[in-house]
Amino acid sequence: MAYRSFEELAVWREAVELAVDIYAKLESCRDFGLRDQMSRAAVSIPSNVAEGAERGSNPDFIRFLHIAKGSAAELRTQLIIATRIGLIGSDDQVVLDDRIKKISSQLQNLIAALKRKT
């Protein structure tokens, strides 16, 4: 699992795209509190991957990947709430939830790989 920069990590790239898409989906949302929470959770995922990768140690990287996984779970919860109150359509919810689950799985796989190296 050699990489030169966090930008090379597929999970980071996919999480960035997810954050961009969340912003786009919520662009016209007038529930500013939920929109802000969802946007912050979405941005937190790739941000923590990047920060952990740059820390220079596997234990630190693993810790930040766990934080990213927590943000993914937070975003999934907010997505469910947004769907139930009619801010996100159920079709969009299914697609976004699948993407978040995939990212969470990638994070878990990266955590496992890093733990094997430690």
Excluding Leu114 itself, calculate the net charge of residues whose Cβ lies under 12 Å from the Cβ of Leu114, where each Lys or Arg counts +1 and each Asp or Glu counts -1. +4
Between Ile80 and Asn58, take the C-beta separation as r, use R0 = 30 Å, and let me know the FRET efficiency to the nearest 0.05. 0.35
May I ask for the angle, rounded to the nearest 10°, between helix 58-84 and the longest principal axis of the chain, with both axes built from Cα atoms and the value confined to 0 to 90°? 10
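Please give the peptides 44-53, 87-96 ranked by average Cβ packing (other Cβ atoms within 10 Å per residue), highest first, as a rough proxy for protection.
In decreasing order of mean packing, 44-53, 87-96 become 44-53, 87-96.
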So how much slack lies between Ala73 and Asp21, counting 0.36 nm per residue of separation and subtracting their Cα-Cα distance, in nm? 17.0 nm
Return a whole-number percent for the relative contact order of the range 6-117, with Cα pairs under 8 Å and 6 or more residues apart as the contact set. 28
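Helix-derived [θ] at 222 nm for the chain: sum -39500 (n - 2.57) over DSSP H runs of at least 4, divide by residue count, nearest 500?
On the way: 4 runs with 94 residues, N = 118.
After summing the helix terms and dividing by the residues of the chain, the value is -28000 deg cm²/dmol.
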What is the extension gain from Ser105 to Thr118, computed as 0.36 nm multiplied by their sequence separation minus the C-alpha to C-alpha distance, in nm to one decimal? 2.7 nm
Which residues among the range 72-104 fall inside the zone where the amide N is under 20 Å from a point 7 Å beyond the Cα of Phe32, along Cα→Cβ? 82, 87-88
The chain, Gaussian network, Cα under 10 Å: of Ala42, Ala24, Ala15, the residue fluctuating most is Ala24
Fewest Cβ neighbours within 10 Å first, please rank Val11, Val43 accordingly. Val43, Val11
Only Cα pairs within less than 10 Å get springs; with that Gaussian network setup on the chain, which residue of Leu79, Leu107, Leu34 has the largest fluctuation? Leu34
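A short reminder: the numbers here are calculations on the coordinates, not readings from a lab. Just so it is clear, the model here is predicted, and its values are computed rather than measured. For neighbour counting, all protein chains shown are included, and Cβ atoms are generated from backbone atoms with ideal geometry for every residue, glycine included.
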